[in-house]
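Step one of this worksheet: look at the structure below.
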Amino acid sequence: MDAFPLLALTLPTVPPVPWWIWTVLLAACVVATATDLRSMRIPNWLTLPLLVAGITRGGLVGGLAGTGDAVAGAVFAGFVFIGAYIFAGGGAGDAKLMMALGSWLGLDPSVVLVITVTVSGFLLAMYLTVARGGLRDVPLMIFHGLLLNRVGFANLLSGKAGAASSRGLEEPTSGKRPKHWFPYAPAILAGTAAACWYCSIFVRKA
């Protein structure tokens, strides 16, 4: 943080996260990216054991408070992506992966993670939209997202939460990719790397 004195005055700091935890999380994101790109799914055998291990570690290291922080990190990291699943057709695997990452990081670093992953996802979505159809498709992408949110909210009110999702709780098994398919695992990988950098620089002093 000493290398960025001006930024340190304005940006929030976070508790230290051991380097080996970042190594584990980045490795998990690499595996998730590979499976998402290959088969359009992030498997439960990756996300669920990682989630359980993160909460278990929190309890072993910090007792009841550590467990609470791990659960809070998982809930916060996954909340936005569960909302994306309900309202905008996001993937359930994305949400479960984010919950697993948050369980290892705890609440404060998970706030940073959600921000960096969201920014990475937006940039990747913009890049893919422009690459596939040019700048003229950007307004269409935004309109499509707003429409999915409206449909998802209506489904929630009518008791059909999750109907807006094109991927659902059951990950797709077909190898055929939808025309506007958007793999989010690469954005989670990039966002996790960015969060790792931030959390290694802006460390809260004891």
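Contact annotation: no residue pair with Cβ atoms under 7 Å, 6 or more positions apart or on different chains, pairs a residue in segment 15-37 that is farther than 14 Å from Val117 by Cβ with a partner that is modelled with pLDDT of 95 or more and among the charged types (D, E, K, R).
Beta carbons closer than 6 Å, at least 6 apart along the sequence or on distinct chains, pair a first residue in segment 112-132 that is over 21 Å from Ala74 (Cβ atoms) with a second that is of a type in the set (A, V, I, L, M, F, W, C) and at pLDDT 85 or above for Leu124/Ala187.
When Leu9 is tested against (1) surrounded by 17 or more Cβ atoms within 10 Å (Cβ to Cβ); (2) at pLDDT below 95, only condition (1) is not met. So which residues in segment 22-71 are within 16 Å of the chain's Cα centre (by Cα), among the small types (Gly, Ala, Ser) and closer than 13 Å to Leu101 by Cβ, if there are any at all? Listed by number, the residues that qualify are Ala27, Ala28, Ala32, Gly54, Ala70. Only residues that are assigned to a helix (DSSP H, G or I) and more than 12 Å from the chain's Cα centre (by Cα) were counted across segment 86-102, and they come to 3. The set of residues in segment 82-97 that are hydrophobic (A, V, I, L, M, F, W, C) and modelled with pLDDT under 75 comprises Ala84, Ile86, Phe87, Ala88. Taking segment 26-41 as the range and being among the hydrophobic types (A, V, I, L, M, F, W, C) and surrounded by 21 or more Cβ atoms within 10 Å (Cβ to Cβ) as the test, the residues that pass are Ala28, Cys29, Ala32, Met40.
Matching residues to (1) crowded, with 17+ Cβ neighbours inside 10 Å; (2) farther than 14 Å from Tyr184 by Cα:
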| position | (1), (2) |
| --- | --- |
| Thr13 | no, yes |
| Pro43 | no, no |
| Pro49 | no, yes |
| Val61 | no, yes |
| Thr67 | yes, yes |
| Ala70 | yes, yes |
| Tyr85 | yes, no |
| Leu97 | yes, no |
| Val119 | no, no |
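The values are calculated or read from the model by the stated rules, or taken from the named source; none is laboratory data. All of these numbers come straight from a predicted model, not from anything done at the bench. Backbone-built Cβ (ideal geometry, glycine too); neighbour counts: all protein chains shown.
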